[in-house]
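Following: one structure in structure tokens, then a few remarks.
The values are calculated or read from the model by the stated rules, or taken from the named source; none is laboratory data. Keep in mind that this is a model prediction, so the values were computed, not measured. All Cβ positions, even for glycine, are placed from backbone atoms using ideal geometry, and neighbour counts span all protein chains on display. To get the accessible areas, we keep the full protein, side chains included, count just its heavy atoms, and leave off ligands, DNA and RNA. Shrake-Rupley method; radii C 1.70, N 1.55, O 1.52, S 1.80 Å.
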Amino acid sequence: MKGRAIIVVFVLFLTWVTLSMGSSVSACVLGDDGNGCAALRSLKPTVRAPIPLNIPAPKPVAARPQPTPVPAVPAAPRGDSPGAAISADGTQHVIPPGSSQWYRLADSPNPLALEVWLDAGGNRGIGFGVFGPDQMNPYSPDHPVGRGTYSRNSGHDLNWSGQYLVPGTWYAVVTNSTGAPVNITVGTDQQQKGPRNCIGYWEPFPNGQTVYWVDCGMYHPNLR
């Protein structure tokens, strides 16, 4: 009996090893009569079939159309300051009553013979003053380098001409002293010039005001 018990223990040990290592083992156990050999079926590890996961594949999400960026349109110059000056290109503009508008005349590092003209439909309540780059900082509205005057021979309501040597941007300030809006057109004629014989003079007005002019041969009789 003792030897038989040892055999049974050994068989159980082999069975445990088989289950632990997942391999197949065969053993022989003596029958009750001690003469036979009972076969022990080999033990195989249990293999479980994978559990299918019925998870649907994610549906593709269509990309949202992006709005087309609209380029920013720069605001039209208002003419209420030198930085927002309107180009003096001969385009008609409306000046409100009792107000002023800035116009950009020219920008050149070279001497220019410059003529500025203004049309206001014959309205005598419109005037303008011309300012050079050296007059802008500080700006003094009462001391323009010249003012537009009425001329029967120029073809325009107001006209100013001269030559400047100061490089930079030149401006004109148009003033509407009437009580109604007025359509005006401001333009320039300019030519690159070399040194010229220019003359400066004061012109008196009936209201007692005087204006200093610089003429380079366009209007003053002494330079023709």
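Observations on the model:
- All positions within the stretch 196-212 that are under 17 Å from Trp160 (Cβ atoms), open to solvent by 70 Å² or more (accessible area, probe 1.4 Å), part of a loop (DSSP other than H, G, I, E, B) and modelled with pLDDT of 75 or more: Gln209
- Condition met for Arg78 (over 11 Å from Ile184 (Cα atoms), out of contact with any Asp or Glu (no Cβ under 9 Å at 6 or more places or on another chain) and not small (Gly, Ala, Ser)): yes
- Strands (runs of 3 or more DSSP E) contained in the stretch 88-155 and holding at least 1 residues touching a residue at least 24 places away in the same chain (Cβ under 8 Å) and charged (D, E, K, R): 89-95, 99-108, 112-119
- On inspection, Tyr103 does not qualify as of a type in the set (Phe, Trp, Tyr) and out of contact with any Gly (no Cβ under 9 Å at 6 or more places or on another chain).
- Taking the criterion of being open to solvent by 30 Å² or more (accessible area, probe 1.4 Å) and either closer than 17 Å to Asn176 by Cβ or of a type in the set (A, V, I, L, M, F, W, C) (or both), the residues of the stretch 100-139 that qualify are Ser100, Trp117, Asp119, Gly121, Gly122, Asn123, Arg124, Met136.
Conditions (1) small (Gly, Ala, Ser); (2) modelled with pLDDT of 80 or more; (3) over 14 Å from Tyr212 (Cα atoms); (4) touching a Leu at 6+ places or on another chain (Cβ under 8 Å), marked per residue:
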site	(1), (2), (3), (4)
Asn110	no, no, yes, no
Arg124	no, yes, yes, no
Gly127	yes, yes, yes, yes
Val130	no, yes, no, yes
Arg152	no, no, yes, no
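- Restricting the stretch 174-195 to residues that are at pLDDT below 80 and part of a loop (DSSP other than H, G, I, E, B), the residue that is nearest to the chain's Cα centre (by Cα) is Lys193.
- Residue match in the stretch 163-172 (condition: closer than 16 Å to Ala113 by Cα, modelled with pLDDT under 80, among the hydrophobic types (A, V, I, L, M, F, W, C) and within 38 Å of the chain's Cα centre (by Cα)): yes
- In the stretch 40-53 there is at least one residue that is at pLDDT below 75 and touching a strand residue (DSSP E or B) at 6+ places or on another chain (Cβ under 6 Å).
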